[in-house]
Amino acid sequence: MSDPSMQHQQARPAVPVLHEQRLDEVLGAAPERGRGRYRPHRVGMVWRSRVFRAGAVIVVLALCWLVILALVREQTGPEGFLVGLGLAVLPVPLLMAAFRWLDRVEPGPWRNLLFSFAWGACAAALVAIIANSFATRWIATATADPASADTLGATVIAPVVEESAKAAAVLLIFLFRRREFSGVVDGVVVAGFTATGFAFTENILYLGNAFGEDQLSGNSGFASVTAGTFFVRIVMSPFAHPLFTVLTGLGFGFAAVSARRHRARRIALPLLGLLLAMGLHALWNGSSSFGPYGFYAVYGIVMVPAFGLVTWLGIWSRQRELRTLAAELPAYAAAGWLTPAEPSALSSMRARGMARDLARHWQPDRTRGRAAARAVAEYESFATSLAGLRRRARHGAVGPDFGARERELLHHLWQRREVAAPALAHAALLTARPGAHHGRPLPTPYGTGNGYGYGYANGHGYGTGYGPGHTPGHGQTHGHIPGYGHAQGHPPGFAPGAYPPPQPYGSAPHSHRRPPS
């Protein structure tokens, strides 16, 4: 007798082709025999280790931070360093939360964001401190005019050095984490985290030096140099450095969505963004030399409108990601990978949050609830990546690994479908506009009324159940076992048995039934 759990496993649906082309045309011709053979390297295998590379990056950044600590403490003194550190950290959580909110549709991995912040706070700041000091001293020696050397260094040297050092972090993630850098929002977020780290270290130096001046002159209160520096750098312009570097991030973001055949555009856009960042940075640093009101004029006429424009562009790009989900995912729903309600739910931040909450509360304990909510969040992230990948493929912005990446994302969705799909379908109905149900009762999450939902089936529950002594499969569940309790009805496009247990991708199918669409 065959295993009943194996009898009900299904073949995955077919992958929808792009632009009515065959999949092999999209992927390109296969390489000749022998060309794709794997040849292990005899040397350099240690460097190929992910753990070694991560450890090397951490060690380098830690050494940079130790050098910065020594340099800053030498200039500010221990008390100035502590005061600067305490005041400089205040805007950091707010800026990081703002950029993370912008990245909520397709959250990037924290390792990239932490690397960006650490690069800005350690490596870029150290390069800026050493290069700016050397350049200023050289100009002062060559011109015998220290005052003009400081002005020239702040308006010409510092913007070029600092923006180039910060742009290196965006470039590294763009090159070596290409899968996780897929659009404008990613460029904005990575650049914003990098600049936030850089501004954090720079503010420690400026505020520490200001506190040292106050200690020598005896000033205190609102008339002190420390209070003035805090107001200008932390209250008025905490967004200054993020604004400069975000222009570079926009250049890389637009390059990421450009067609691969436009090679010149993909190179020119990041360079253009970097030049704009340097120009705006130079204008900001040189504003004090435009007269007594130059600073306020540049702040009100240039900085605030530029900040508003970049903010609008970031939010527009975020909404565009949601529109991409609504436009691209119906192809996978028609093929059977998703239920018909999922594209609309995934394109709504409200429905996505509600689906995570539903999955969490439908579980009998907190541990399983957190795991279920995490599975739904991962499902939403993979679905967003899938929609973005398909959109870039339509514009020719993907490489020959498009098919493999698409199948990988579909595999991740399939593994989490059993938990995420009911929650998203339920959230889609709950967030639908009034009158969209046409008098039909909403499904209940516990399977006790007219509906289909995840909960406890006391007695006989129809669906897939997991419990002690019970093998996952399709059929009836008995007793107090969590399963999909089927009462008298279910939402449109959602049927019992539509979500079989996951199986490794590429395994031989045991049945050729497709999930109902």
Helices (runs of 4 or more DSSP H) wholly inside the stretch 342-458 containing at least 1 residues that are more than 30 Å from residue 258 (Cβ to Cβ), touching a Cys at 6+ places or on another chain (Cβ under 7 Å) and modelled with pLDDT of 80 or more: none
Residues satisfying the stated conditions in the stretch 269-297, i.e. out of contact with any helix residue (DSSP H, G or I) (no Cβ under 7 Å at 6 or more places or on another chain), under 18 Å from residue 307 (Cβ atoms) and open to solvent by 70 Å² or more (accessible area, probe 1.4 Å): 296
Single residue of the stretch 335-374 satisfying the filter (touching a residue at least 60 places away in the same chain (Cβ under 8 Å) and touching a Lys or Arg at 6+ places or on another chain (Cβ under 8 Å)) that is most open to solvent (accessible area, probe 1.4 Å): 349
Matching option when the condition is open to solvent by less than 10 Å² (accessible area, probe 1.4 Å), touching a residue at least 40 places away in the same chain (Cβ under 8 Å), out of contact with any Gly (no Cβ under 6 Å at 6 or more places or on another chain) and over 18 Å from residue 180 (Cβ atoms), among 332, 379: 332
Cross-chain or 6+ apart pairs with Cβ under 6 Å, the stretch 172-199 first and closer than 17 Å to residue 324 by Cβ and open to solvent by 10 Å² or more (accessible area, probe 1.4 Å), then in a helix (DSSP H, G or I) and of a type in the set (Lys, Arg): none
Checking residue 71 against (1) buried (at least 17 other Cβ atoms within 10 Å of the Cβ); (2) closer than 26 Å to residue 282 by Cβ, the condition it does not meet: (1)
Count - residues of the stretch 102-161 that are in contact with a Lys or Arg (Cβ under 7 Å, 6 or more places away or on another chain) and assigned to a loop (DSSP other than H, G, I, E, B): 1
Every pair of residues 6+ apart whose Cβ atoms lie under 9 Å, when the first sits in the stretch 155-168 and is closer than 15 Å to residue 117 by Cα while the second is polar (S, T, N, Q) and open to solvent by 10 Å² or more (accessible area, probe 1.4 Å): 162/132
Every residue from the stretch 227-249 that is in a helix (DSSP H, G or I) and open to solvent by 20 Å² or more (accessible area, probe 1.4 Å): 227, 228, 229, 230, 231, 232, 233, 235, 236, 247
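The values are calculated or read from the model by the stated rules, or taken from the named source; none is laboratory data. Nothing here was measured: the structure is a model prediction, and the numbers come from that model. We place every Cβ from the backbone using ideal geometry, glycine too, and count neighbours over all the protein chains shown. Ligands, DNA and RNA are excluded from the accessible area calculation, which covers all protein heavy atoms including side chains. Shrake-Rupley method; radii C 1.70, N 1.55, O 1.52, S 1.80 Å.
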